[in-house]
Ligand SMILES: NC(=O)c1ccc[n+]([C@@H]2O[C@H](COP(=O)([O-])OP(=O)(O)OC[C@H]3O[C@@H](n4cnc5c(N)ncnc54)[C@H](OP(=O)(O)O)[C@@H]3O)[C@@H](O)[C@H]2O)c1
């Protein structure tokens with residue numbers, strides 16, 4: 001499931017790039033001139049569609065199956081992309097899962113799974129990626145506006161996982177500043193994807209701008225954080241939610 005050659009001029013890796021926000025990010029970075037690696041966990045068909053779209057538009061992409069709950073798989077995905085394209089400049093850690101439930105009903109299995117993918121998986125992905133980055137590397141995470149404040153009951157564990165990402169980004173920005181690597185976090189509000197499909201109508205009325213966001217709204221911000229216009233920015237969490245958390 002790949003196309004491309006080694007030693008591209010700039011290379012990006014998107015964890016969870018097969019659908020939704022991650023797919024839009026992969027396509028956007030490809031149109032910005034990056035050779036793109038993307039991971040998926042369960043939808044090879046969706047991942048292949050993203051690769052095909054990038055290639056049809058003259059770009060280069062490979063898709064790698066890697067469960068972000070599995071540290072070994074994450075590290076292997078980084079190695080495969082670096083081996084294939086010859087370098088790594090930008091990593092976007094987007095893979096994430098949503099489990100909803102109030103405290104009386106939330107299971108330990110769901111708690112562990114959310115933390116495994118949304119927190120541990122993010123840290124491991126960044127750790128593996130930055131090992132291959134030179135000066136001017138960029139790390140971008142996809143958190144959530146629920147890290148700012150809870151927006152409804154039942155989102156505690158998801159929100160705390162995304163608050164952990166915001167804290168992680170501040171710490172890693174300090175760790176990596178001496179190497180010239182910038183680390184920033186995007187905190188979307190409701191974006192129309194498979195993840196939100198069953199909640200979107202209800203959520204729309206909670207957004208001051210009166211509409212939910214689109215995956216391309218987040219891809220635009222990723223493009224900015226990956227580019228040189230954001231050269232003085234690190235450790236930031238940028239909330240993009242139509243004013244929902246004001
Ligand atoms: N949509 C929103 O309103 C919203 C708001 C705030 C934050 N976010 C965050 O934005 C990110 C993307 O959300 P989305 O709405 O685009 O989600 P989505 O439509 O459910 O897509 C999730 C993507 O992540 C991948 N993924 C899921 N679990 C994975 C795992 N264990 N290992 C590797 N990849 C995995 C999926 O791969 P497969 O295709 O193989 O399943 C898919 O590419 C998440 O971190 C989410 O928490 C979303």
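Numbers below:
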item	result
Top-ranked residue of the range 50-72 - restricted to ones that are in a loop (DSSP other than H, G, I, E, B) and within 14 Å of the ligand (Cβ to nearest atom), ranked as nearest to residue 116 (Cα to Cα)	69
Selected residue [modelled with pLDDT of 95 or more and either within 20 Å of the chain's Cα centre (by Cα) or within 11 Å of the ligand (Cβ to nearest atom) (or both)] from 243, 235	235
Inter-residue pairs, beta-carbon under 8 Å, first over 18 Å from residue 98 (Cα atoms) and in contact (Cβ under 8 Å) with a residue 60 or more places away in the chain and in the range 118-142, second in a helix (DSSP H, G or I) and within 14 Å of the ligand (Cβ to nearest atom), 6+ apart	125/74; 125/78; 129/78; 140/222
Every residue from the range 111-149 that is touching a helix residue (DSSP H, G or I) at 6+ places or on another chain (Cβ under 7 Å) and more than 13 Å from the ligand (Cβ to nearest atom)	111, 123, 126, 128, 129, 130, 132, 135, 137, 138, 139
Residue check, residue 113 without any contact (Cβ under 8 Å) to a residue 24 or more places away in the chain and more than 20 Å from residue 26 (Cβ to Cβ)	no
Residue tally, condition crowded, with 18+ Cβ neighbours inside 10 Å, more than 15 Å from the chain's Cα centre (by Cα) and in a helix (DSSP H, G or I), over the range 166-183	3
Subset of the range 79-91 [in contact with a helix residue (DSSP H, G or I) (Cβ under 6 Å, 6 or more places away or on another chain) and either within 13 Å of the ligand (Cβ to nearest atom) or assigned to a loop (DSSP other than H, G, I, E, B) (or both)]	88
Residue 163, sole failed condition from (1) touching a residue at least 40 places away in the same chain (Cβ under 8 Å); (2) over 17 Å from residue 222 (Cβ atoms); (3) more than 11 Å from the ligand (Cβ to nearest atom); (4) in a helix (DSSP H, G or I)	(1)
Qualifying residue in the range 192-212 (condition: touching a strand residue (DSSP E or B) at 6+ places or on another chain (Cβ under 7 Å) and either within 30 Å of residue 133 (Cβ to Cβ) or modelled with pLDDT under 95 (or both))	no
Of residues in the range 9-33 being without any contact (Cβ under 8 Å) to a residue 60 or more places away in the chain and part of a loop (DSSP other than H, G, I, E, B), the one farthest from the ligand (Cβ to nearest atom)	9
Members of the range 189-207 that are more than 8 Å from the ligand (Cβ to nearest atom) and under 14 Å from the mean Cα position of the chain (by Cα)	none
Qualifying residue in the range 208-229 (condition: surrounded by fewer than 19 Cβ atoms within 10 Å (Cβ to Cβ), farther than 19 Å from residue 27 by Cα and either in contact (Cβ under 8 Å) with a residue 60 or more places away in the chain or within 12 Å of the ligand (Cβ to nearest atom) (or both))	no
Filter result for residue 151 (surrounded by 17 or more Cβ atoms within 10 Å (Cβ to Cβ) and in a loop (DSSP other than H, G, I, E, B))	yes
Output for the range 92-110, where each listed residue is out of contact with any helix residue (DSSP H, G or I) (no Cβ under 8 Å at 6 or more places or on another chain) and within 16 Å of the ligand (Cβ to nearest atom)	109
Yes/no for residue 186 being within 20 Å of the chain's Cα centre (by Cα), part of a strand (DSSP E or B) and within 12 Å of the ligand (Cβ to nearest atom)	yes
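The values are calculated or read from the model by the stated rules, or taken from the named source; none is laboratory data. Model, not experiment: these values are computed from the prediction. FYI the Cβ positions are ideal-geometry reconstructions off the backbone, even for glycines, and counts take in every protein chain you see.
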